Amino acid sequence: LYLTGFILQVAWAVPFMLLVGTGNVAFIYVAAIILAISLGLSYGPQSGMFVSLFPTRVRYSGASIAYALGAILGGGPAPFLATWLIQQTDSALSVGIYMLIAGAISLAATLAIRKSDLVGLPHGPLAGTQSAPALADAK
């Protein structure tokens, strides 16, 4: 799901901004709905992936710092850069290209994660837990 969201974001970035740039309300709604789907696909499983990147003893801090730094460094300057790009180019296309590059970086970073990096990933549906019969036998 995470990769699918980023692939859709990269593929949709330029068409999204071109549709928004038309000023047509119907086109803007369509553009926003498709973008919202791609964001949901990537943001939905994000917290689960983040926590599995860190061992238990530093999981909360690691996931929180990673999320906060990403929001600050990636999301903070985005409105200013978008405004500047439109002022410089007089085109929404430049913002679409910026979104495409940001999405491609996210996609590349996600592809760089290996299964061995997911230290918090359980090895089964209830890894680390015991079933009721096993608990009864332990008593």
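Below are the figures for this structure:
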| item | result |
| --- | --- |
| Vicinal HN-Hα couplings computed from phi for the stretch 14-26 (Karplus, 6.51 cos²θ - 1.76 cosθ + 1.60; Hz; Gly/Pro x) | 5, x, 4, 5, 5, 5, 4, x, 6, x, 6, 4, 5 |
| Portion, in percent, of the accessible area of the chain that falls on carbon or sulfur, probe 1.4 Å | 72 percent |
| Rounded tilt (10° steps) of 93-112 against the dominant C-alpha axis of the chain | 20 degrees |
| Mean ellipticity per residue at 222 nm, deg cm²/dmol - from DSSP H runs of n ≥ 4 across the chain, formula -39500 (n - 2.57) | -22500 deg cm²/dmol |
| Average accessible area per residue (Å²) across the chain - probe 1.4 Å, nucleic acids and ligands excluded | 67 Å² |
| The stretch 63-78 - phi-based ³J(HN,Hα) in whole Hz, Karplus 6.51/-1.76/1.60, Gly and Pro as x | 5, 5, 5, 4, 5, 5, 5, x, 5, 5, 6, x, x, x, x, 4 |
| Stokes-Einstein D (µm²/s) once Rh is taken as the Kirkwood radius of the chain over alpha-carbon pairs, at 10 °C in 1.306 mPa s | 91 µm²/s |
| FRET efficiency estimate (nearest 0.05) - Cβ-Cβ, Ser47 to Val119, R0 22 angstrom | 0.90 |
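The values are calculated or read from the model by the stated rules, or taken from the named source; none is laboratory data. In this text, all values refer to a predicted model and were calculated from it rather than measured experimentally. Counting neighbours? That spans all protein chains shown, and the Cβs are built from the backbone with ideal geometry, glycine included. These area figures cover heavy atoms from the full protein model, side chains too; ligands, DNA and RNA do not enter into them. Shrake-Rupley method; radii C 1.70, N 1.55, O 1.52, S 1.80 Å.
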